[in-house]
Amino acid sequence: MTPMQFIRKQIFKVDTQLEMAELLGYQQATISRYESGWRISAVSQERIRRLAVDRGIAWNNDWFFSVPENFTDGAGDLAA
């Protein structure tokens, strides 16, 4: 799981890339690139942080760079 997949699925609880893109005002292709490993731009990081704050989500900037080591994928397996 990439950091953007973690952010979308586990932090924002959003099922699709398109839904996440719409929340951020982006194209789905942008989310796809981030989920395939492209670096999340500073502008996108700020939009994501702002969206989290607006939704009352406690934020950790480390999530932009790595998935927490103790995170499980919901099936009880540690996410890679």
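Looking only at region 29-63, count how many residues are more than 18 Å from LYS13 (Cβ to Cβ) and in a helix (DSSP H, G or I). Selection size over region 29-63: 11. Does region 10-28 hold any residues that are of a type in the set (Val, Ile, Thr) and assigned to a helix (DSSP H, G or I), and which are they? Across region 10-28, the qualifying residue is only ILE11. Is one or more of the residues making up region 21-38 in contact with a Gly (Cβ under 9 Å, 6 or more places away or on another chain) and under 15 Å from PHE64 (Cβ atoms)? So far as region 21-38 goes, no, none of its residues is in contact with a Gly (Cβ under 9 Å, 6 or more places away or on another chain) and under 15 Å from PHE64 (Cβ atoms). When region 28-80 is limited to residues that are in contact with a Leu (Cβ under 9 Å, 6 or more places away or on another chain) and surrounded by fewer than 10 Cβ atoms within 10 Å (Cβ to Cβ), the one that is modelled with the highest pLDDT turns out to be GLU69. Among the residues making up region 32-41, a single one is among the hydrophobic types (A, V, I, L, M, F, W, C) and within 15 Å of TRP63 (Cβ to Cβ): ILE40. Answer yes if at least one residue in region 5-27 is aromatic (Phe, Trp, Tyr), buried (at least 16 other Cβ atoms within 10 Å of the Cβ) and in contact (Cβ under 8 Å) with a residue 60 or more places away in the chain, and no otherwise. Yes: region 5-27 contains one or more residues that are aromatic (Phe, Trp, Tyr), buried (at least 16 other Cβ atoms within 10 Å of the Cβ) and in contact (Cβ under 8 Å) with a residue 60 or more places away in the chain.
The values are calculated or read from the model by the stated rules, or taken from the named source; none is laboratory data. The shown structure was predicted, so the numbers you read here are calculated from the model rather than taken from an experiment. Methodologically, a virtual Cβ is constructed for each residue, glycine included, from the backbone with ideal geometry; neighbour enumeration extends over all protein chains shown.
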